[in-house]
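One structure is given below, encoded as structure tokens.
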Amino acid sequence: MNTIEFQTYKEQKSHTTDEFPYNTYLCTIPLDFPSVPIHWHEEIELIVIQKGKGLVTLDFIEYEVEAGNTIIVLPGHLHSIREISGERMEYENIIFDLNFLGNMNMDVCSQKKIL
């Protein structure tokens, strides 16, 4: 895949801000949506499988995942999520800016939760 093609998969949705570099989403496939198309972003993403099972693709390798699994998606890595036919998967997406772990700037999280 060339650089131009790779750029077309960059997710346009903003998950974090400078003031709040963290976000979480609770999702159920297929009830909320049948799949999350292949994409990448600059934040780290943890996909924590709570119930059921489904499929997660990471850098073109497909994994069958189930309750208890956690997938770590590093910045800039292509990934997608989809259902296994006849199955349901509940999962939590935890998305945060890498600077959240060692940011010297005072954001809302630093001020109220970390200090």
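Given a 1.4 Å probe, how much area per residue of the chain is accessible, in Å²? Before the final figure, lay out each step's value.
Details: 7270 Å² over 115 residues.
Averaged over the residues of the chain, the accessible area is 63 Å².
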Once Rg and Dmax of the Cα atoms in Å is worked out from the coordinates, which option in (i) 15.2, 47; (ii) 16.1, 50; (iii) 12.9, 37 does it equal?
(i)
Under the 7 Å Cα-to-Cβ spin-label approximation, Thr57 and Leu26 lie apart by a distance in nanometres of 2.9
Rounded to the nearest 0.05, what FRET efficiency is calculated for Thr17 and Ser80 with R0 set to 30 Å and r the Cβ-Cβ distance?
0.75
Heavy atoms only, probe 1.4 Å: what % of the accessible area of the chain goes to carbon and sulfur, would you let me know?
54
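The values are calculated or read from the model by the stated rules, or taken from the named source; none is laboratory data. Just so we're clear, the structure is a prediction, and the values are computed from it rather than from any experiment. Note that we place each Cβ from the backbone using ideal geometry, even for glycine, and neighbour counts take in every protein chain shown. In case anyone asks, the SASA skips ligands and DNA or RNA and just uses the protein heavy atoms, side chains included. Shrake-Rupley method; radii C 1.70, N 1.55, O 1.52, S 1.80 Å.
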